[in-house]
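One structure is given here, and the rest of the page talks about it.
The values are calculated or read from the model by the stated rules, or taken from the named source; none is laboratory data. Keep in mind it's a predicted model, so treat the numbers as computed, not measured. Cβ: placed from backbone, ideal geometry, glycine included. Neighbour counts: every protein chain shown.
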Amino acid sequence: MWWLFALGSAVFAALTSILAKIGIEGVNSNLATAIRTVVVVIMAWGMVFLTHAQDGLSGISRRSWLFLILSGLSTGASWLCYYRALQMGEVSKVVPIDKLSVLITLALAFLFLHEQFTLKSLVGCLLIGAGTLVMVL
């Protein structure tokens, strides 16, 4: 079932780019990111309360808090950069460069999480990199 959620993520990410490019017209990119973030926060907390997951707050370790906060800061920085890039450039060029995050994620997962990096992973990374270059140039 994980792949259905991953596919849903890809579809919604694609919609995010198109909707953001239309919505950001004439709006400061930082302000647009803040508006988007408020909507995401409301939606996320809504799901927490809808699924009664709020009871798990007290069981979160300090280590988990630290890494969730760092992840949130990373997400915020990514969104700020992404919205500024969308405001300045074409979606068809911004999105492929943004998706280079796949390559960076695989490298970081190999280095820090000790995940397996196979020949198939390497070929996939090379193809994603080459595809990005073809789309951007």
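So that you can scan it fast, the table gives a plain yes or no per residue for (1) among the hydrophobic types (A, V, I, L, M, F, W, C); (2) surrounded by 11 or more Cβ atoms within 10 Å (Cβ to Cβ); (3) in contact (Cβ under 8 Å) with a residue 60 or more places away in the chain:
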{"position": "LEU66", "(1), (2), (3)": "yes, no, no"}
{"position": "THR75", "(1), (2), (3)": "no, yes, no"}
{"position": "TYR83", "(1), (2), (3)": "no, yes, yes"}
{"position": "LEU106", "(1), (2), (3)": "yes, yes, no"}
{"position": "LEU111", "(1), (2), (3)": "yes, no, no"}
{"position": "GLU115", "(1), (2), (3)": "no, yes, no"}
{"position": "SER121", "(1), (2), (3)": "no, yes, no"}
{"position": "ALA130", "(1), (2), (3)": "yes, no, no"}
Quiz item: Here are some residues: SER9, SER64. Which one is more than 14 Å from the chain's Cα centre (by Cα), part of a helix (DSSP H, G or I), among the hydroxyl-bearing types (Ser, Thr, Tyr) and closer than 26 Å to LEU113 by Cβ?
Solution: SER64
Quiz item: Which of the residues that make up the stretch 91-137 are small (Gly, Ala, Ser), under 18 Å from the mean Cα position of the chain (by Cα) and over 26 Å from LEU15 (Cβ atoms)?
Solution: ALA107, ALA109
Quiz prompt | Yes/no for ILE60 being surrounded by 10 or more Cβ atoms within 10 Å (Cβ to Cβ) and in contact (Cβ under 8 Å) with a residue 60 or more places away in the chain | solution = no
Exercise. Confirm whether VAL38 is outside any helix (DSSP H, G or I) and either at pLDDT 95 or above or not hydroxyl-bearing (Ser, Thr, Tyr) (or both).
Key: no
Quiz prompt | So SER61, is it of a type in the set (Ser, Thr, Tyr) and under 30 Å from LEU127 (Cα atoms) | solution = no
Quiz item: So, of the residues in the stretch 80-118 that are aromatic (Phe, Trp, Tyr) and assigned to a helix (DSSP H, G or I), which turns out to be nearest to GLY26 (Cα to Cα)?
Solution: TYR83
Practice problem: Output the number of the condition that ILE42 fails; it satisfies all remaining conditions of (1) farther than 30 Å from VAL134 by Cβ; (2) touching a Phe, Trp or Tyr at 6+ places or on another chain (Cβ under 6 Å). | Solution: (2)
Quiz prompt | Complete set of residues in the stretch 11-34 that are exposed (fewer than 11 other Cβ atoms within 10 Å of the Cβ) and under 20 Å from GLU90 (Cβ atoms) | solution = LEU15, ILE22, GLU25, GLY26
